[in-house]
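Asks: Quick one: this structure, given as structure tokens, is what I'll be asking you about.
The values are calculated or read from the model by the stated rules, or taken from the named source; none is laboratory data. All values derive from a computational prediction rather than experimental measurement. All Cβ positions, even for glycine, are placed from backbone atoms using ideal geometry, and neighbour counts span all protein chains on display. SASA here: full protein model, heavy atoms, side chains in, ligands and nucleic acids out. Shrake-Rupley method; radii C 1.70, N 1.55, O 1.52, S 1.80 Å.
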Amino acid sequence: MTVHRPTHLDATLDRTVVLGYSRIGFRVRSRAWPPFPPQALKGRTALVTGANSGIGKAIAAGLAGLGASVTLAVRNTSRGDVAAAEITVAVPDAALQVERCDVADLVDVREFAARFLGKTDRLDMLVHNAGVMPTSRTESTQGHELCLATHVLGPLLLTELLSPALARAAAAQVILMSSGGMYAQALHPNNLEYRTGDYHGATAYARSKRMQVALTPALADHYAGEGISVHSMHPGWVDTSGVATSLPKFHALARPLLRSPADGADTAIWLAATDGLPSGRFWHDRRIRPEHYLRRTRDRSADRDRLWQFCAAATGLAIG
Ligand SMILES: NC(=O)c1ccc[n+]([C@@H]2O[C@H](COP(=O)([O-])OP(=O)(O)OC[C@H]3O[C@@H](n4cnc5c(N)ncnc54)[C@H](OP(=O)(O)O)[C@@H]3O)[C@@H](O)[C@H]2O)c1
């Protein structure tokens, strides 16, 4: 099997950050990529969270364009319906369903999963895309810090609840949309809820994206027996309303360099559409990337175990 390691040029782009994460990196790398075969995902089913805008909408459109039947899981179905209508303009025969799910609310996740399993027997692709960057410490309905709830707890619970449908697929893929921001953050196993220290939304965001990457190998092991692969990835710097709202200065400065949502969606679509990839790895621009560049972010297996046990307890799942 092909080992998806970066070339020297590709790795150098990654280390420069600005070149690699911007539209420049995407342009350079994507020149070598073959197009997806038409209807590559015909007959497959996908679920994308936070699919009403930005990268999530582009992922849903890309998967639908390859023939998949796609559920847009959104917290506001009016916005979801608008997104579905826009996708249908680009992909007239798109098979789309819009469902309400607030992934930060664990009760809502359980209700959504029960509804979904009542309608759908098999799920081939589950893309945990929904993301937030709060301006001040905010708690979910169950009292968890919002980045933790949205990026970690909700996705873990949803994956586990939908695992029977994922296990019925020939080779199901679960994708966690992380961020390059996680490179700056270590795990904080004693402060996963960010209850101590000055709260910064960007730090909370990056810590929770680090948790996604740290959990990916354990999730891959956990689901290996059911034939479910788990990947984390980062999309690069993408021009979305989320970035414009949460990071207005960065958005204004970097805008000419930002990728389009379709560029940011590419690796998720590629992961979902490519069989035989190794599970449990961190990806960017269709290549496995290092999980750490800085010594200070490296975690111990005991820290990852504590994170796993914490998540199991917080979600009420017997995944320990
Ligand atoms: N853009 C970038 O440069 C970049 C870089 C690295 C990683 N990412 C990641 O990529 C993903 C998409 O980001 P984006 O830039 O496309 O952001 P975006 O335009 O703000 O989209 C985020 C989506 O998530 C949804 N969402 C937020 N909380 C939710 C919840 N509790 N339940 C369900 N849906 C929820 C939002 O729904 P509403 O419309 O209801 O708010 C929205 O549809 C995020 O995970 C983000 O962290 C983005």
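Asks: Name the single residue, out of those in the range 69-95 being more than 15 Å from the ligand (Cβ to nearest atom) and not small (Gly, Ala, Ser), that is surrounded by the most Cβ atoms within 10 Å (Cβ to Cβ).
Replies: My answer is Val91.
Asks: Let me ask something else. Is it the case, given these coordinates, that Ser246 is within 12 Å of the ligand (Cβ to nearest atom), hydroxyl-bearing (Ser, Thr, Tyr), open to solvent by less than 30 Å² (accessible area, probe 1.4 Å) and in contact (Cβ under 8 Å) with a residue 24 or more places away in the chain?
Replies: Numbers: within 12 Å of the ligand (Cβ to nearest atom): yes; hydroxyl-bearing (Ser, Thr, Tyr): yes; open to solvent by less than 30 Å² (accessible area, probe 1.4 Å): no; in contact (Cβ under 8 Å) with a residue 24 or more places away in the chain: yes.
Taking the combined requirement at face value, the residue does not satisfy it.
Asks: Residue under question is Thr203, and the condition is that it be more than 13 Å from the ligand (Cβ to nearest atom) and touching a residue at least 24 places away in the same chain (Cβ under 8 Å); does it hold?
Replies: Values: more than 13 Å from the ligand (Cβ to nearest atom): yes; touching a residue at least 24 places away in the same chain (Cβ under 8 Å): no.
Answer is no for this residue.
Asks: Only one residue in Ala268, Ala262 is open to solvent by less than 10 Å² (accessible area, probe 1.4 Å), in contact (Cβ under 8 Å) with a residue 40 or more places away in the chain, assigned to a helix (DSSP H, G or I) and under 30 Å from Lys42 (Cβ atoms), so which one is that? Walk me through it before giving the result.
Replies: Details: Ala262 fails: open to solvent by less than 10 Å² (accessible area, probe 1.4 Å).
Only one candidate qualifies: Ala268.
Asks: On the given criteria, is Leu187 buried (at least 23 other Cβ atoms within 10 Å of the Cβ) and away from the ligand (no atom under 11 Å from the Cβ)?
Replies: Details: buried (at least 23 other Cβ atoms within 10 Å of the Cβ): no; away from the ligand (no atom under 11 Å from the Cβ): yes.
Answer is no for this residue.
Asks: Next up: Of everything in the range 186-214, what is closer than 30 Å to Arg122 by Cβ and either aromatic (Phe, Trp, Tyr) or in contact with a Ser or Thr (Cβ under 8 Å, 6 or more places away or on another chain) (or both)? Give them in sequence order.
Replies: If the condition is that a residue be closer than 30 Å to Arg122 by Cβ and either aromatic (Phe, Trp, Tyr) or in contact with a Ser or Thr (Cβ under 8 Å, 6 or more places away or on another chain) (or both), then Ser208, Lys209, Gln212, Val213 are the ones that fit.
Asks: Do we have Ala252 as under 23 Å from Thr135 (Cα atoms) and more than 9 Å from the ligand (Cβ to nearest atom) here? Break it down stepwise before answering.
Replies: On the way: under 23 Å from Thr135 (Cα atoms): yes; more than 9 Å from the ligand (Cβ to nearest atom): yes.
Yes: the conditions hold for Ala252.
Asks: Restricting attention to the range 96-127, which residues are hydrophobic (A, V, I, L, M, F, W, C), assigned to a helix (DSSP H, G or I) and within 13 Å of the ligand (Cβ to nearest atom)? It would help to see each step written out before you state the result.
Replies: From the range 96-127, those hydrophobic (A, V, I, L, M, F, W, C) are 96, 98, 101, 103-104, 106-107, 109, 112-114, 116-117, 123, 125-127; that's our starting set.
With assigned to a helix (DSSP H, G or I) added as a condition, the list becomes 106-107, 109, 112-114, 116-117.
Leu106, Val107, Val109, Phe112, listed by residue number.
Asks: Right, another one. Mind checking whether some residue in the range 218-237 is within 12 Å of the ligand (Cβ to nearest atom) and part of a helix (DSSP H, G or I)?
Replies: Just the residues of the range 218-237 that are within 12 Å of the ligand (Cβ to nearest atom), to begin with: 232-237.
Subsequent filtering for residues that are part of a helix (DSSP H, G or I) retains none.
Looking through the range 218-237, none of the residues is within 12 Å of the ligand (Cβ to nearest atom) and part of a helix (DSSP H, G or I).
Asks: Under the condition of being more than 16 Å from the ligand (Cβ to nearest atom) and of a type outside the set (A, V, I, L, M), which residue from the range 259-285 is nearest to Arg31 (Cα to Cα)? Working first, answer last.
Replies: To start, the set of residues in the range 259-285 that are more than 16 Å from the ligand (Cβ to nearest atom) comprises 273-281.
Keeping just the survivors that are of a type outside the set (A, V, I, L, M) gives 274-276, 278-281.
Working: Thr274: 18, Asp275: 21, Gly276: 23, Pro278: 23, Ser279: 25, Gly280: 27, Arg281: 24 Å.
Per the stated criteria, the residue is Thr274.
Asks: Could you pull out the residue among Arg295, Arg281, Arg255 that is open to solvent by 20 Å² or more (accessible area, probe 1.4 Å) and under 30 Å from Gly43 (Cα atoms)?
Replies: Working: Arg295 fails: under 30 Å from Gly43 (Cα atoms); Arg255 fails: under 30 Å from Gly43 (Cα atoms).
Answer to the selection: Arg281.
Asks: Now a separate question. Being surrounded by 16 or more Cβ atoms within 10 Å (Cβ to Cβ), of a type in the set (D, E, K, R) and modelled with pLDDT of 95 or more is the requirement here; does Arg304 meet it? Don't jump to the end; show me each part of the working.
Replies: Numbers: surrounded by 16 or more Cβ atoms within 10 Å (Cβ to Cβ): yes; of a type in the set (D, E, K, R): yes; modelled with pLDDT of 95 or more: yes.
It is true that Arg304 is surrounded by 16 or more Cβ atoms within 10 Å (Cβ to Cβ), of a type in the set (D, E, K, R) and modelled with pLDDT of 95 or more.
Asks: If Thr135 meets every condition in (1) away from the ligand (no atom under 11 Å from the Cβ); (2) β-branched (Val, Ile, Thr); (3) in a loop (DSSP other than H, G, I, E, B); (4) open to solvent by less than 30 Å² (accessible area, probe 1.4 Å) apart from one, which number is that one?
Replies: (4)
Asks: Is it fair to say Asp239 is surrounded by 18 or more Cβ atoms within 10 Å (Cβ to Cβ), without any contact (Cβ under 8 Å) to a residue 24 or more places away in the chain and not aliphatic (A, V, I, L, M)?
Replies: Numbers: surrounded by 18 or more Cβ atoms within 10 Å (Cβ to Cβ): yes; without any contact (Cβ under 8 Å) to a residue 24 or more places away in the chain: yes; not aliphatic (A, V, I, L, M): yes.
Considered against the rule, which asks whether it is surrounded by 18 or more Cβ atoms within 10 Å (Cβ to Cβ), without any contact (Cβ under 8 Å) to a residue 24 or more places away in the chain and not aliphatic (A, V, I, L, M), Asp239 comes out as yes.
Asks: Shifting gears a bit: Checking the structure you have, find out if any residue of the range 195-217 is over 26 Å from Pro164 (Cα atoms), surrounded by fewer than 24 Cβ atoms within 10 Å (Cβ to Cβ) and of a type in the set (Lys, Arg).
Replies: yes
Asks: Show the residue pairs that are 6+ apart or on different chains and have beta-carbon atoms under 7 Å apart, the first residue being within the range 141-156 and small (Gly, Ala, Ser), the second being open to solvent by less than 10 Å² (accessible area, probe 1.4 Å) and assigned to a helix (DSSP H, G or I).
Replies: Gly154/Val109
Asks: Can you report the number of residues in the range 258-275 which are at pLDDT 95 or above and more than 17 Å from Met177 (Cα to Cα)? Steps first, please.
Replies: Quick first cut of the range 258-275, residues at pLDDT 95 or above only: 258-271.
Those left that are additionally more than 17 Å from Met177 (Cα to Cα): 258.
Total satisfying the criteria: 1.
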